Amino acid sequence: MTELEKIEYAKSFIDRLANGINPLDDTPIPEDDIANNVRLSRCFFYVSGILQKEIDRERRKSPKENKPERLPFTITQEQLKDFGYSPNPLSATAVARKINWLVREDIEQKKIEKLSYRKITQWLLNIGMIEYREWEDGKIKRFPTDEGEAIGLVLADWDNYGRRTPVIYFTEEAQRFIIDNIEAVIATEIQKGKTSYPWGTNNEETDD
């Protein structure tokens, strides 16, 4: 990892903590957890701002060079055998991260792109396992359909600073469904649109 990549990686953890998300498994931090304290959250946001300034500084220092273009994400069935299915429901981001871990050397060497969680959710939208519906606050959010629930998608809602929002999680059964259909997921074209944290416009997550 370069110095810039290390700082960006550290900032991604701080950003999740600032927004009440456990950076290790992308689950909401319980309200009574000290890490969810408002004062700590403000400190995390402050540190994130400092790190962003350092990132901007490092980028200005980095010489511009023609970098080889990364190939699209790819993974073999042999590599997928090492996927560790979690008995606890995971977010789409966590599922994508576990898949990327299996080919981490190629990703770290910038040979291939990462698999984005957006491909997973877009594919599920395309095949009718997820749909957009109106949430209680009047905003449009993602929900599992009956078919989605049948393959192991579960809906949870959590409170972030007084705002409830629905979040989709993948049970072990749903994780297996994604792995069994990984080629279709990889081939999915992501629909461009507004993204935000889970409590935002489309209850979308953030990539690593």
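Before moving on, here are some points about what is shown:
- TYR9/ASN181 FRET efficiency (R0 41 Å; Cβ-Cβ; nearest 0.05): 0.90
- Where Cα atoms sit under 22 Å apart: lysine pairs in the range 1-111 separated by 8 or more or lying on different chains: 22
- Scoring 88-94, 134-140, 170-176 by mean Cβ neighbours within 10 Å over their residues and listing the highest first yields 88-94, 170-176, 134-140.
- Across the range 1-117, C-alpha contacts under 8 Å between residues 6 or more apart give a mean separation that, scaled by the residue count, equals a relative contact order of 25 percent.
- Exposure proxy ranking, count of Cβ atoms within 10 Å, fewest first, for ILE34, ILE179, ILE50: ILE34, ILE50, ILE179
- The range 1-44: GluC sites (Glu not before Pro) in DSSP coil with no more than 12 other Cβ atoms inside 10 Å: GLU31
- Spatially, the range 85-122 and the range 9-37 are offset by 19 Å when compared through their Cα centroids.
- Exposure proxy for ILE182, ILE190: other Cβ atoms within 10 Å of each Cβ, ordered fewest to most, give ILE190, ILE182.
Each value in this text was obtained by applying a stated rule to the coordinates, not by laboratory testing. Because the structure is predicted, anything quoted here is derived from the model rather than measured. Every residue, glycine as well, gets a Cβ built from its backbone with ideal geometry; the counts of neighbours run over all protein chains shown.
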